[in-house]
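**Student:** Take this structure, written in structure tokens, and hold onto it; I'll ask about it next.
The values are calculated or read from the model by the stated rules, or taken from the named source; none is laboratory data. Bear in mind the structure is a predicted one, so any value in this text is a computation, not a measurement. With ideal geometry, Cβ positions are generated from the backbone for all residues, glycine too; neighbour counts draw on all protein chains shown. In case anyone asks, the SASA skips ligands and DNA or RNA and just uses the protein heavy atoms, side chains included. Shrake-Rupley method; radii C 1.70, N 1.55, O 1.52, S 1.80 Å.
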Amino acid sequence: MPHDHHDHDDGSHLDDMTARVMALEKLLTDKGLVDPAALDRILDTYETQVGPRNGAEVVARAWTDPDFARWLEQDATAAIHSMGFGGRQGEHLTALFNTPERHNMVVCTLCSCYPWSVLGLPPVWYKSMPYRSRAVSEPRAVLAEFGLTLPEGTAIRVWDSTAEMRYLVIPMRPAGTEGWTAEKLVPLVTRDSMIGTGLALAPDTTGPDAEGQAA
């Protein structure tokens with residue numbers, strides 16, 4: 001069940017690790033060995049581009065490979081590890097498939113458990129108290145603040161990440177991408193869509209290569 005048996009022992013290690021990283025960053029900055037602005041750019045790149053691309057490749061493969069999608073649904077940990085995305089914070093994973101009837105959304109109510117191996121660094125808002133408290137009590141309102149308004153008939157299910165289990169949302173494949181390869185689909189998968197606070201991007205039908213994309 002989404003909100004039961006919340007064991008965050010591993011979360012305490014994560015918090016301790018974060019504290020150590022911050023202390024090291026301050027030490028290096030004070031000694032003039034690190035430019036804070038450059039470090040912020042590196043972290044932003046890993047948070048929003050490099051890390052989430054792993055998850056995007058998983059999603060795009062699920063969209064284009066029915067056998068892989070079934071494997072992902074049955075044993076996400078093994079399926080994702082088969083693509084080389086494993087390690088710390090990615091030992092135990094469950095894939096949540098969005099449908100027109102149900103939208104999945106992920107939160108960690110007590111700390112910041114997050115699937116680093118497929119999503120990179122957690123965004124600041126994911127660790128914030130307002131998101132952690134309100135995602136469970138008023139998910140539809142929170143999604144609206146992210147710019148996502150779902151049909152009234154779409155149920156929202158909120159999953160609480162723990163040290164034992166982390167979640168990857170598989171967003172619905174955008175319309176108009178029939179026949180696209182997994183490689184072409186990857187850029188449509190956003191980090192937020194894999195947390196459940198957004199949708200996959202619609203294909204660009206106005207660009208110069210739109211006809212070729214839709215082929």
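**Student:** Report the residue count in segment 110-132 for those that are in contact with a Ser or Thr (Cβ under 7 Å, 6 or more places away or on another chain) and farther than 23 Å from Arg53 by Cα.
**Tutor:** 1
Table: residues versus (1) assigned to a helix (DSSP H, G or I); (2) modelled with pLDDT of 95 or more; (3) in contact with a Phe, Trp or Tyr (Cβ under 9 Å, 6 or more places away or on another chain).
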position: Gly87; (1), (2), (3): no, no, yes
position: Gly90; (1), (2), (3): no, no, yes
position: His103; (1), (2), (3): no, yes, no
position: Ser112; (1), (2), (3): no, no, yes
position: Ala135; (1), (2), (3): yes, yes, no
position: Val142; (1), (2), (3): yes, yes, yes
position: Glu152; (1), (2), (3): no, no, no
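**Student:** Further question on the same structure: For segment 134-142, state whether one or more residues are buried (at least 19 other Cβ atoms within 10 Å of the Cβ) and more than 16 Å from the chain's Cα centre (by Cα). Show your work before the answer.
**Tutor:** Step one: of segment 134-142, the residues buried (at least 19 other Cβ atoms within 10 Å of the Cβ) are 135, 139, 142.
Retained after the next criterion (residues that are more than 16 Å from the chain's Cα centre (by Cα)): 139, 142.
Yes; the residues of segment 134-142 include at least one that is buried (at least 19 other Cβ atoms within 10 Å of the Cβ) and more than 16 Å from the chain's Cα centre (by Cα).
**Student:** Same structure again: Just to be sure before I move on: is Pro123 at pLDDT below 95, open to solvent by less than 50 Å² (accessible area, probe 1.4 Å) and touching a Lys or Arg at 6+ places or on another chain (Cβ under 6 Å) in the structure I sent? Reasoning before the result, please.
**Tutor:** Working: at pLDDT below 95: yes; open to solvent by less than 50 Å² (accessible area, probe 1.4 Å): yes; touching a Lys or Arg at 6+ places or on another chain (Cβ under 6 Å): no.
Taking the combined requirement at face value, the residue does not satisfy it.
**Student:** Further, regarding this structure: What residue, of Ala155, Ala163, Ala175, Ala78, is open to solvent by 70 Å² or more (accessible area, probe 1.4 Å) and not hydroxyl-bearing (Ser, Thr, Tyr)? Even if it seems obvious, please write down each step before you answer.
**Tutor:** Numbers: Ala155 fails: open to solvent by 70 Å² or more (accessible area, probe 1.4 Å); Ala163 fails: open to solvent by 70 Å² or more (accessible area, probe 1.4 Å); Ala78 fails: open to solvent by 70 Å² or more (accessible area, probe 1.4 Å).
Just a single option satisfies the conditions, and that option is Ala175.
**Student:** When Ala38 is evaluated against the numbered criteria (1) at pLDDT below 70; (2) more than 27 Å from Asp160 (Cβ to Cβ), which criterion, by number, is the only one it fails?
**Tutor:** So the condition that Ala38 fails would be (1).
**Student:** In addition: State whether the residues of segment 104-116 include one that is surrounded by fewer than 20 Cβ atoms within 10 Å (Cβ to Cβ), under 27 Å from Lys184 (Cβ atoms) and in contact (Cβ under 8 Å) with a residue 40 or more places away in the chain.
**Tutor:** Checking segment 104-116: at least one residue is surrounded by fewer than 20 Cβ atoms within 10 Å (Cβ to Cβ), under 27 Å from Lys184 (Cβ atoms) and in contact (Cβ under 8 Å) with a residue 40 or more places away in the chain.
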